[in-house]
Amino acid sequence: MSELKQNSCDVLEAIARRHSVREFRPEPVSDETLLALLEAAHQAPSAMNHQPWEFVLVRRPETKAALARATSGRNAQVVQTAGASVVCLASLRQADALADRVEAQLRAGQAPPEREALVKRLREDETYRQMLVLPNTYIAVANLLLAATKFGLATLWMTGFDGEQVKAAVGAPAADYLFAGVVAVGHPAEGWQQPARNRRPLEEIYSFERFGEK
Ligand SMILES: Cc1cc2nc3c(=O)[nH]c(=O)nc-3n(C[C@H](O)[C@H](O)[C@H](O)COP(=O)(O)O)c2cc1C
């Protein structure tokens, strides 16, 4: 956490400064910086604190090339030119670990009996398992993007890949992990023109008290 504290910055500033960058110059990102980004990712909240996120840091040209083969077009170019890429994985093993934890609490009388139903879903309901670990991993990835902004680094979060091919490229056990994207991390190319922020009007996305009421 020390690295995080020393590098603290206004979260609204980081949110405002973060943009998707799609042209990079091939300059490396140090392992120390990559680990600081993961430390930020790892502080994310998660349901019942099950922490499903795992990451593979890619810096070698041959691994970048293997990632590029799992996508096409601009995404392929981005992973090959960015200093590093972070393969983001959602661990189904953490759904099992959570089931183990709740089961132990039940045995010790530290959880209400209705938690049996949760254990059953965590063990048997594949959709529930996936809908638990994937969105919770996305929260950690969002943290990573904001932390990179603080370090003056550009990012692009990409899910336009063949996830199975990505898992194979980095040797991740396919059955136990869901693909949550590849985040390119690095420095923008000279002359990269940042498009203006494009968002739906704020008024369109909120209501007060009742849906549709301003
Ligand atoms: C889950 C997710 C997947 C994305 N996948 C891709 C992708 O495969 N390729 C790409 O160029 N951009 C991808 N993006 C970037 C979005 O296009 C981008 O966030 C959006 O256009 C808003 O622009 P901004 O990030 O600059 O605010 C992805 C973003 C997210 C959050």
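The values are calculated or read from the model by the stated rules, or taken from the named source; none is laboratory data. All values reported here derive from a predicted model rather than from experimental measurement. Backbone-built Cβ (ideal geometry, glycine too); neighbour counts: all protein chains shown.
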A careful count of residues in region 162-197 that are of a type in the set (A, V, I, L, M, F, W, C) and either within 25 Å of residue 39 (Cβ to Cβ) or in contact with a Pro (Cβ under 8 Å, 6 or more places away or on another chain) (or both) gives 11
I want to confirm something. Restricting to region 49-71 and keeping residues that are surrounded by fewer than 17 Cβ atoms within 10 Å (Cβ to Cβ) and within 18 Å of the chain's Cα centre (by Cα), which single residue is farthest from residue 32 (Cα to Cα)? 49
Among helices (runs of 4 or more DSSP H) completely within region 14-86, the ones holding 3 or more residues that are under 18 Å from residue 154 (Cβ atoms), of a type in the set (Val, Ile, Thr) and in contact with a strand residue (DSSP E or B) (Cβ under 9 Å, 6 or more places away or on another chain) are 73-81
Of (1) at pLDDT below 95; (2) buried (at least 21 other Cβ atoms within 10 Å of the Cβ), residue 214 satisfies every one except (2)
Members of region 153-166 found to be closer than 18 Å to residue 78 by Cα and either of a type outside the set (Phe, Trp, Tyr) or surrounded by fewer than 20 Cβ atoms within 10 Å (Cβ to Cβ) (or both), listed by number: 153, 154, 155, 156, 157, 158, 159, 160, 162, 163, 165, 166
So is residue 90 modelled with pLDDT of 95 or more and either surrounded by fewer than 21 Cβ atoms within 10 Å (Cβ to Cβ) or charged (D, E, K, R) (or both) or not? no
Taking interchain pairs and intrachain pairs at least six residues apart, which have beta carbon atoms under 6 angstrom, with the first residue in region 26-37 and touching a residue at least 40 places away in the same chain (Cβ under 8 Å) and farther than 11 Å from residue 86 by Cβ and the second of a type in the set (D, E, K, R) and crowded, with 19+ Cβ neighbours inside 10 Å? none
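Rundown of residues vs (1) under 19 Å from residue 167 (Cβ atoms); (2) away from the ligand (no atom under 16 Å from the Cβ); (3) touching a residue at least 12 places away in the same chain (Cβ under 8 Å); (4) among the hydroxyl-bearing types (Ser, Thr, Tyr), yes/no style:
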| site | (1), (2), (3), (4) |
| --- | --- |
| 88 | yes, no, yes, no |
| 93 | yes, yes, yes, no |
| 122 | no, yes, yes, no |
| 130 | yes, no, yes, no |
| 134 | yes, no, yes, no |
| 146 | no, no, yes, no |
| 151 | no, yes, yes, no |
| 155 | no, no, yes, yes |
Identify, by number, the condition in (1) touching a residue at least 12 places away in the same chain (Cβ under 8 Å); (2) within 16 Å of the ligand (Cβ to nearest atom) that residue 200 doesn't meet. (1)
Just a yes or no: is a residue in region 179-190 exposed (fewer than 14 other Cβ atoms within 10 Å of the Cβ), more than 16 Å from the ligand (Cβ to nearest atom) and free of Cβ contacts under 8 Å to residues at least 24 places away in the same chain? no
Working carefully through the options 24, 55, find the one that is closer than 30 Å to residue 129 by Cα and within 16 Å of the ligand (Cβ to nearest atom). 55
